[in-house]
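> One structure coming up, written as structure tokens, with questions to follow.
Every number in this text was worked out from the coordinates using simple rules, so none of it is lab data. Note that the coordinates shown come from a computational prediction; the quantities given were computed from them, not determined experimentally. Using ideal geometry, Cβ is built from the backbone for each residue, glycine included, and neighbour counts are taken over all protein chains shown.
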Amino acid sequence: MDIISQSDISKLERFIEDAQKIAITAHMRPDGDAVGSCAALFHCLGDMGKDAVIVLPDASPDYLGFITEAVGSRHLTDFESDGQGARDALAGCDLIFCLDYNAFHRTGKMEQALSGHHAVKILVDHHLNPARECFDLVFSETEVSSTAEYLYNILLMTSRYGHDAGKLPEQAATALMTGMTTDTNNFANSVFPSTLRMASSLLEAGVDRDFIISRLYNEYSEGRIRLMGELLSKRLEITPDGVAYMILDRKTIEKYGLKEGDTEGFVNIPLGIGRVKISCFFKEDEDRIRVSLRSKRGISANRCAALYFNGGGHEQAAGGRLAVPEDIGSIGEVAAYAEKVMHEFMVRQAE
Ligand code: 5GP
Ligand code: MN
């Protein structure tokens with residue numbers, strides 16, 4: 001992680017001080033890092049005496065309820081459940097934090113409301129290629145586990161917290177630990193020295209990690225685990241190039257009664273197989289097929305997502321989508337498309 005400049009911290013503090021009403025936003029289909037970072041910042045702004053609201057493009061998934069409950073429904077809205085309420089919440093703000101995304105198109109339904117907004121906009125993110133020109137202040141760093149870890153370091157540099165994690169509000173510390181934990185897949189990927197320092201300081205500050213872990217990983221629906229069994233035994237395909245892929249259609253999603261977030265982490269499992277170099281997970285949505293990619297070192301999931309799946313992300317973890325019918329006729333055609341483009345991609349990688 002690069003050194004965060006003191007002058008950027010001063011600008012941040014001034015923007016916060018001058019703001020009357022603050023909105024905190026994150027990317028569409030928010031994950032633990034997005035929601036955790038938003039919640040942490042919310043609690044810290046409250047601690048600074050500031051009035052803030054979290055506005056998301058889509059509802060926060062149920063499994064993060066232990067984070068959103070501490071924010072409270074009065075301070076949390078989303079474009080999916082209450083479009084007008086979310087629009088109104090944004091409209092009244094003069095400062096907007098943009099967390100865990102690099103460009104407005106990553107906010108889906110919220111994109112227009114954000115890009116035309118008059119408010120001061122501050123980015124805090126860990127993805128490649130931030131759209132710097134869209135923001136008044138940019139905190140962007142890819143050598144960090146998560147937005148939560150980066151935000152933690154930014155917060156500790158403010159005069160309010162003075163490099164002391166023990167001064168963070170308890171709920172903020174819990175939310176930061178949660179965001180870092182989910183984005184590292186519980187310390188399996190993207191762990192930097194700074195990540196362990198953060199974890200260590202938050203533990204010292206009294207964060208209950210056992211509680212977080214049990215809420216994140218021991219509260220799944222039975223359907224998730226049974227579907228995982230079916231996918232791995234019957235639907236996992238592995239090509240001679242070392243590409244693993246699984247396709248999940250809507251009928252199966254309904255059969256197992258899955259909710260948003262219930263397939264989180266499936267894409268990682270095939271990477272455990274020695275000959276697999278990249279894993280693709282395709283999930284049928286209303287008018288699109290969502291794509292998740294995970295790769296081993298030396299193979300760029302980010303490049304693959306950009307080349308074939310209208311997406312991007314990080315080197316080893318990326319995602320995108322195939323629009324139906326613009327990019328692909330139906331879910332039934334995904335296997336043939338995947339075989340074709342992924343073979344092409346692996347040949348390119350080898351060149
Ligand atoms: P996931 O597979 O967990 O949905 O996403 C993995 C990573 O890829 C995340 O860091 C996310 O930001 C990125 N990502 C997922 N979908 C998209 C997309 O449609 N566009 C871009 N640019 N990045 C994506
Ligand atoms: Mn993230």
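> Determine which single condition N268 fails, assuming it passes every other condition in (1) surrounded by fewer than 18 Cβ atoms within 10 Å (Cβ to Cβ); (2) more than 16 Å from ligand 2 (Cβ to nearest atom); (3) of a type outside the set (A, V, I, L, M); (4) over 22 Å from A131 (Cβ atoms).
So N268 meets the others, but not (2).
> Within the group E339, E315, which residue is within 16 Å of ligand 2 (Cβ to nearest atom) and either in a helix (DSSP H, G or I) or within 26 Å of the chain's Cα centre (by Cα) (or both)?
Every option except E315 fails the conditions.
> Go through segment 203-220 and count every residue that is over 22 Å from G166 (Cβ atoms), surrounded by 12 or more Cβ atoms within 10 Å (Cβ to Cβ) and not aromatic (F, W, Y). Before the answer, list the steps.
Step one: filter segment 203-220 for residues over 22 Å from G166 (Cβ atoms), giving 214-220.
With surrounded by 12 or more Cβ atoms within 10 Å (Cβ to Cβ) added as a condition, the list becomes 214-217, 220.
Next, only the ones that are not aromatic (F, W, Y) stay: 214-216.
Within segment 203-220, residues that are over 22 Å from G166 (Cβ atoms), surrounded by 12 or more Cβ atoms within 10 Å (Cβ to Cβ) and not aromatic (F, W, Y) number 3.
> Mind checking which residues of segment 1-51 are in a helix (DSSP H, G or I), away from ligand 1 (no atom under 16 Å from the Cβ) and of a type in the set (D, E)? Don't jump to the end; show me each part of the working.
Looking only at segment 1-51, we keep the residues that are in a helix (DSSP H, G or I), and these are 6-18, 32-47.
Narrowing the set further to residues that are away from ligand 1 (no atom under 16 Å from the Cβ) leaves 6-18, 39-47.
Correct list: D8, E13, E17, D18, D47.
> Among the residues of segment 66-112, which ones are basic (K, R), out of contact with any Phe, Trp or Tyr (no Cβ under 9 Å at 6 or more places or on another chain) and touching a residue at least 60 places away in the same chain (Cβ under 8 Å)? Write out each step before concluding.
Pass one, segment 66-112, residues basic (K, R): 74, 87, 106, 109.
Next, only the ones that are out of contact with any Phe, Trp or Tyr (no Cβ under 9 Å at 6 or more places or on another chain) stay: 74, 106.
Passing the criteria: only R106.
> Going by what's in this entry, would F66 be described as of a type in the set (F, W, Y) and under 19 Å from the mean Cα position of the chain (by Cα)? Give the derivation first.
Numbers: of a type in the set (F, W, Y): yes; under 19 Å from the mean Cα position of the chain (by Cα): yes.
So F66 fits the description; yes.
> Got a number for residues in segment 98-107 being surrounded by fewer than 23 Cβ atoms within 10 Å (Cβ to Cβ) and among the aliphatic types (A, V, I, L, M)?
Of the residues in that region, 1 qualify.
> Go through segment 1-35 residue by residue and tally those that are in contact (Cβ under 8 Å) with a residue 24 or more places away in the chain, over 23 Å from D78 (Cβ atoms) and either surrounded by 13 or more Cβ atoms within 10 Å (Cβ to Cβ) or of a type in the set (A, V, I, L, M) (or both).
Number satisfying all stated conditions: 9.
> Any residue that is away from ligand 2 (no atom under 16 Å from the Cβ), in contact with a strand residue (DSSP E or B) (Cβ under 9 Å, 6 or more places away or on another chain) and free of Cβ contacts under 8 Å to residues at least 12 places away in the same chain - is there at least one of those in segment 245-257?
Step one: list which residues in segment 245-257 are away from ligand 2 (no atom under 16 Å from the Cβ), which gives 245-257.
If we keep only those that are in contact with a strand residue (DSSP E or B) (Cβ under 9 Å, 6 or more places away or on another chain) too, we end up with 245-253.
If we keep only those that are free of Cβ contacts under 8 Å to residues at least 12 places away in the same chain as well, we get 251.
For segment 245-257, residues away from ligand 2 (no atom under 16 Å from the Cβ), in contact with a strand residue (DSSP E or B) (Cβ under 9 Å, 6 or more places away or on another chain) and free of Cβ contacts under 8 Å to residues at least 12 places away in the same chain: present.
> Quick test for you: out of L56, L95, L76, L90, pick the one residue that is buried (at least 17 other Cβ atoms within 10 Å of the Cβ) and within 16 Å of ligand 1 (Cβ to nearest atom).
Values: L95 fails: within 16 Å of ligand 1 (Cβ to nearest atom); L76 fails: within 16 Å of ligand 1 (Cβ to nearest atom); L90 fails: within 16 Å of ligand 1 (Cβ to nearest atom).
After applying the criteria, what remains is L56.
> Now for a separate question. Let me confirm something: among L168, L123, which residue is away from ligand 2 (no atom under 15 Å from the Cβ) and either crowded, with 20+ Cβ neighbours inside 10 Å or on the phi > 0 side of the Ramachandran plot (or both)? Please lay out each step first, then the result.
Details: L123 fails: away from ligand 2 (no atom under 15 Å from the Cβ).
So the residue among L168, L123 that is away from ligand 2 (no atom under 15 Å from the Cβ) and either crowded, with 20+ Cβ neighbours inside 10 Å or on the phi > 0 side of the Ramachandran plot (or both) is L168.
> Continuing with the same structure: Given (1) over 14 Å from G32 (Cβ atoms); (2) touching a Leu at 6+ places or on another chain (Cβ under 7 Å); (3) among the β-branched types (V, I, T); (4) within 16 Å of ligand 2 (Cβ to nearest atom), identify the lone condition not met by T147.
Every condition holds for T147 apart from (1).
> OK, next. If you go through segment 257-278 one residue at a time, do you hit one that is within 23 Å of the chain's Cα centre (by Cα), of a type in the set (A, V, I, L, M, F, W, C) and assigned to a strand (DSSP E or B)?
Checked segment 257-278: at least one residue is within 23 Å of the chain's Cα centre (by Cα), of a type in the set (A, V, I, L, M, F, W, C) and assigned to a strand (DSSP E or B).
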